[in-house]
1. Restricting attention to region C:188-199, which residues are within 12 Å of C:THR177 (Cβ to Cβ) and within 14 Å of the chain's Cα centre (by Cα)?
2. From C:LEU77, C:LEU82, C:LEU35, grab the single residue that is modelled with pLDDT of 90 or more and within 13 Å of chain B (Cβ to nearest Cβ).
3. Give the residue that is surrounded by the most Cβ atoms within 10 Å (Cβ to Cβ), with candidates limited to residues of region B:359-387 that are hydrophobic (A, V, I, L, M, F, W, C) and within 11 Å of chain A (Cβ to nearest Cβ).
4. Determine if region B:265-272 includes at least one residue that is more than 7 Å from chain A (Cβ to nearest Cβ) and crowded, with 21+ Cβ neighbours inside 10 Å.
5. Free of Cβ contacts under 8 Å to residues at least 60 places away in the same chain and of a type in the set (Val, Ile, Thr): is that true of C:ILE85 in this structure?
6. Every residue in region A:117-142 that is touching a residue at least 12 places away in the same chain (Cβ under 8 Å), more than 8 Å from every other protein chain (Cβ to nearest Cβ) and part of a helix (DSSP H, G or I), please.
Amino acid sequence: MTIATDPPKASFRLSMLINATRYRSYTFQAIALLALIVVFSILGNNLAQNLAAAGLNISYEFLGDPAGYDINQQPIPYNSQDTHMRASVVGALNTLIVAFLACLTATVFGVIAGVLRLSNNWIISKLMSLYVEIFRNIPVLIWLIIIFTVTANVFAPIAEFRLPRDGSDPERTLIFGVMAFTNQGVFIPKLVFGDNGALVIYTFLASILGVFGLRRYARNKLFNEGKTVPVLLPALAILIVPTVLMYFVLGRPVGVDLPEMGRFRFEGGLQLRTSFIALWFALSIYTGAFIAENVRAGILAISKGQSEAAAALGLRSGRIMNLVILPQALRVIIPPLISQYLNITKNSSLAIAVGYMDLTGTLGGITLNQTGRAIESVLLLMLFYLTFSLTISALMNVYNNSIKLKER
Amino acid sequence: MSDTHAQTVAFVRHTEIPPAPPPAGQAGAVKWMRENLFSGPFNTVMTLLGVYIIYSLIVGIFPWIANSVWGVDNIRACREVTQGNGGACFAVIEQRWQQLLFGFEYPSTEYWRPTTAFVLLFVAVAPVLFLNLPRALLIFTGIYPFLAYWLIWGGIILIPITAALGFIVGYFAFKRLEHNSFAIGLFGAVAAAVLTWWLTDFLIQPATRGVLFGTDPDGMLRGLLYQPEVASRNMGGFMLNMILGTVCVSLSLPIGIALALGRQSHMPIIKWICVIFIEFIRGVPLITLLFVANVVLAYFFPPETTIDLILRVIIMITMFSSAYIAEVIRGGLAALPRGQYEAADSLGLDYAQATRLIIMPQALKISIPGSVNVAVGLFKDTTLVSVISMFDLVGMIRGPILSSTDWAGVYWELWAFAAALFFVVCYGISQYSQWLERKLQTGHR
Amino acid sequence: MNDTAAMKVSDEVAIDIQAMNKWYGTFHVLRDIDLTVYRGERIVICGPSGSGKSTLIRCINALEEHQQGSITVDGTLLSSDLKNIDTIRSEVGMCFQHFNLFPHLTILENCTLAPIWVRKTPKKEAEATAMHFLEKVKIPDQALKYPGQLSGGQQQRVAIARSLCMKPRIMLFDEPTSALDPEMIKEVLDTMIELAEEGMTMLCVTHEMGFARQVANRVIFMDAGQIVEQNEPEEFFNNPKSERTQLFLSQILGH
């Protein structure tokens, strides 16, 4: 008969603090915490002394003061009497706008370049390799400055669009009467919404949903009855017809404000500044090269056996790509794609190098210099980018977990 | 006897069929072109488009280079020579290449020093990159940081010697003490190094310098014991990018390794410190960290101390780089099979020994491609210091050169030169990384 | 000799290969292949690695292209015409060494993918067929699992069922048991034997000589891209005529 007893507990000795694994980890953590506290107090002490010596304190009151400077690209109304806070909001909006647009175009460039790089056509695949290698190995700042300098120097000055005094034709006219490329930016028509203009937009959004509904209908028809239904032309019809009908029925509520040449400069229309165009294009084409590599790696990662098995079952190459290769490749492509999107957002802070007023330019640039509130401004600036990055990363983790391939 | 068909049974081949060449039209250039370039309407269109693009590029660039102008003094003279023919004005590079490479204010008599340091960089780095070179070269790699510092910044040679001495004493102390435990070894090494530096501090004070060298430091002992000092704010040009790149990447490697190990640790406090640091740094753009270096960091140093801008920038860029390296190494640690950890434990190795002898060597090998990517990205990012008014290559071009009256308006040539410099370095590094990856893959078979 | 091998083989030609040659670039990988396969025959192809045996059966369902000679499957000539290739691929099923199941689809979806999208079979009908064949290979309860959750032997049996769902008249096997652990080989071979007993025309590249003895009408030995010897199993194993065959058999059967 055995009696189960607890193993005898060793009595605690001081040297166990270092040697026994359980206590050792406590000791280390205690030391680490202590060191951290000591370092932070030294830094904090220095900070307080330096601030006192300069006669400053930490406060965010300056955000309520009038900014006193103009912002050239304004998605929402702003003038120099508005507060620094509003200037920062304008800057943040500019950051998000250029980042969003650059993500879209970079994806387009990247997918096209990545897929073409895998093609059998030797000339095309070598050209795409050239594109990828040249753009990846040169800093984005240099590309940004080159593109900005080119657009600012190659496009015509506004003077050439002006009507000469003697009544003859100007040197240049608007393209199709709606667009002008100048060295100060691109002038495009602006959409002006009348009373029922929003309804047209809603109709368009509804027709996008309609296209998805059509695809689902076609798929169910195939599954249930084995009949294929043409999808492409009806989808185009659904996208275009209702919106156009709505537009006319409501009496053309959406107007277009065309840029027109006034006495000295363009009036009306929307001006996309050179700095904005340069930043957008540079970010797209630079990040597009990295995305191309991700797409290529994703497609190559799917073993050849998958497409062979699908071909042996009788599927044609279009179906093989859609049903077998792409679903698997997307799992590999999307995580690095998202981190490229985050890179675009962070790289958009280079706007300050070409004068585009994003958040780094307003809050981290003019506001910081004018108010002298360096610590507060930089902290707020970093907080914005950090929040954005962490949110997108968290969303990506959720997405990753939901599509993970199930294994034993 | 089974009912197999008479014609299919019992065949034996006695003579081998020799290999024959493939039929013409089934192989060779024509077939290749037919299959690869013109295999369908879409492909044919793409090929023609591609050829057109290549043609326009060549037609656009070649005359520009062929008509290039050298040997003139300013852009107006350039324009006279080309007479509107659209030639490149490479004279600007001929005139200003020293500024582009070394910065505005680095004394031109001393250009041989950073150049020597650059050449020696290859010698120092070679045994790390190419594993079949003799290991004795690593001694030079260890000396190189001190030598390069002395060459580029100047000063009396005792400064780098005493610094190196501290490290050497610390290393020997570590070797003696690590048998007791890794932690004691580490603390002992640090204590010994600090002690050495404190003891030898008097050697580098100006008073001692007067005693040792008399009143003529530029005299006979120059060159061997003393180089004229160059202040950090006089560094510039491409040299600045190279210095920032190499220093920050080298410093961030050990820090990144420590962060990666810390993030993997089971101790919650250590783990959370590392996680917060890494996620914070990775979430913000480098420019904001450079703003910190420029205007904020000074507040955290003791009052009345002034730290060089270049040192502050090095600190922030190193922090930035170590966070990204930490993530790469964390991936390498995760890719290591669980069995390695278990084997190390079963042999009785403690954490420090297992990590140092078994886990880290393998994890580092796996992380090399990713780390090289981070290094290349960081090197490109060093151009951002031009935004905080430091005169690296980009800062030089935008600043002194393009705003000078001689050369205002010459932009293609300068930016092409800058782009070419970066391309050569970055492409070279990434080719090395691909070569290394191929070599390591065959090693893993 | 057991009854399976003694079954009468028909006169109908299933696969007819005449004077087929294939090159990879300048490397002459298949040389002057002449092979006629009759409906209901079971053929085992063996040989050293690099002999071209996998390439040969991959030419039959157009996974590889041949440059000279002709391949006719079930009366359809194999050419670059996509319609011919489609017809042939729906008559010929193939099982791969590494299974090649689609990891992002369930077992059931793996089996119903081709019938739905190629044959336009309604989904309910395709699923019923799939369940029928999954029962045949004895894993109906795994239908809603994913390939990553199954063992190697189960995955290969699913691969066989997936090919059978297209109701092929000829089955090609490319080393189906080479990637399996020993204890799983038997379950796959049993499935293949059952198929053979139901009269399926089979070409099988394999090293499993016991299977060859039990089921095959013919054993073909290939070396250096050409057919060196072919005979009934008993004659082939006990009385190999060519030296190369003797060398190969001594290496395979020796241990």
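The values are calculated or read from the model by the stated rules, or taken from the named source; none is laboratory data. Because the structure is predicted, anything quoted here is derived from the model rather than measured. Ideal geometry is used to build each Cβ from the backbone, glycine not excepted, and the neighbour counts take in all protein chains shown.
1. Once the filter is applied, which keeps residues that are within 12 Å of C:THR177 (Cβ to Cβ) and within 14 Å of the chain's Cα centre (by Cα), region C:188-199 yields C:VAL188, C:LEU189, C:THR191, C:MET192.
2. So the residue among C:LEU77, C:LEU82, C:LEU35 that is modelled with pLDDT of 90 or more and within 13 Å of chain B (Cβ to nearest Cβ) is C:LEU35.
3. By that ranking, first place goes to B:LEU384.
4. No, that holds for no residue.
5. The answer is yes for C:ILE85.
6. Scanning region A:117-142 gives A:ARG117, A:MET128, A:SER129, A:TYR131, A:VAL132, A:PHE135.
This table checks each residue for (1) within 14 Å of chain C (Cβ to nearest Cβ); (2) touching a residue at least 60 places away in the same chain (Cβ under 8 Å).
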position: A:GLY318; (1), (2): yes, no
position: A:PRO327; (1), (2): yes, no
position: A:ASN343; (1), (2): no, no
position: A:ALA353; (1), (2): no, yes
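Every residue, every condition in (1) within 14 Å of chain A (Cβ to nearest Cβ); (2) within 30 Å of C:THR36 (Cβ to Cβ); (3) without any contact (Cβ under 8 Å) to a residue 40 or more places away in the chain; (4) part of a helix (DSSP H, G or I), yes or no:
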{"residue": "C:LEU63", "(1), (2), (3), (4)": "yes, yes, yes, no"}
{"residue": "C:THR121", "(1), (2), (3), (4)": "yes, no, yes, no"}
{"residue": "C:GLU127", "(1), (2), (3), (4)": "yes, no, yes, yes"}
{"residue": "C:ALA130", "(1), (2), (3), (4)": "yes, no, yes, yes"}
{"residue": "C:ALA159", "(1), (2), (3), (4)": "yes, yes, no, yes"}
